[in-house]
Structure formats: C-alpha cells, structure tokens
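Have a look at the structure below before the remarks.
The values are calculated or read from the model by the stated rules, or taken from the named source; none is laboratory data. Since the model is a prediction, treat every value here as computed from it, not as a measurement. Note that each Cβ is placed from the backbone with ideal geometry, even for glycine, and that neighbours are counted across all protein chains shown.
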Amino acid sequence: MKSIALLSVLIAAVAIGKASLPNTVTSSEEAAARIPLENYLKGHATGDGEFIRKAFHPDAKVFSYRDNQLRQMTSAEFAGRFTGKPAPDETQRKRWIESVRITGNGRGRYRT
C-alpha cells in the first residue's frame, strides 16, 4: 500500500512540475535553431565546406562509423573534406528538415 501511495505522489509531482514549466518557444528561436541545420544541408548540396563551418561550433567533434571502426575528426577537418563541388548525383538527392523541436536552451525554458 505504501508503494502505491508513493507512486501516486511521484506521478503527481511530475505532473505538477511539468505543468509549471513554460511551454513557449518563439518563432525567432525556432528560426535560429534551423540556421546550423540549413547550413549543414547546404554544405552537402553544394560541396562548399564554408557552410559546414557555419553549421558546427569550432570545437565540435564529428563522429562516424566506417569499416567496423569509430572515427573522430574536428569540425574543421570535416569541413575540409568538402571539395567545393556537389556530389555527381546531387540532382537526384532530396534533403529537408522534417521538424525542429526545442526542448530546452539552458535558461529554464522548455517545450514539450
């Protein structure tokens, strides 16, 4: 019986806590969140590493998995792999951002 009461209290506390969080994200915040994503897509579409540099923080690490091996490079190394030319089959590729969901920005504002 104690465990059911405790579980009820925990559920109520979570529900109250969630209800008290602000649930507002401005359209300008969403637009700002899309900028690096769009730059990443443009980098691949154009082959221009400058878009990739804009997409990542300078201290970012890019991880990949190839040939059964986890690999890592800096964002500058990753951007340097772009030749300035799009892939030969670029006209057949489709890229888009399906959705953007902002869940927190470090200032206590959350969207669910």
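Summary table
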{"read-out": "Glu38 vs. criteria loosely packed, with under 10 Cβ neighbours inside 10 Å and either under 14 Å from the mean Cα position of the chain (by Cα) or free of Cβ contacts under 8 Å to residues at least 40 places away in the same chain (or both)", "value": "no"}
{"read-out": "Filtered residues of segment 61-74 (kept if among the charged types (D, E, K, R), more than 19 Å from the chain's Cα centre (by Cα) and on the phi < 0 side of the Ramachandran plot)", "value": "Arg66, Arg71"}
{"read-out": "Of all residues making up segment 48-86, the number that are touching a His at 6+ places or on another chain (Cβ under 8 Å) and exposed (fewer than 14 other Cβ atoms within 10 Å of the Cβ)", "value": "0"}
{"read-out": "Whichever residue in segment 46-75 is basic (Lys, Arg) and out of contact with any helix residue (DSSP H, G or I) (no Cβ under 9 Å at 6 or more places or on another chain) and, among such residues, is farthest from Asp89 (Cα to Cα)", "value": "Arg71"}
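Table: residues versus (1) assigned to a strand (DSSP E or B); (2) modelled with pLDDT of 95 or more; (3) more than 18 Å from the chain's Cα centre (by Cα); (4) among the charged types (D, E, K, R).
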residue	(1), (2), (3), (4)
Asp59	no, yes, no, yes
Ala76	no, yes, yes, no
Val100	no, no, no, no
Thr103	no, no, no, no
Arg109	no, no, no, yes
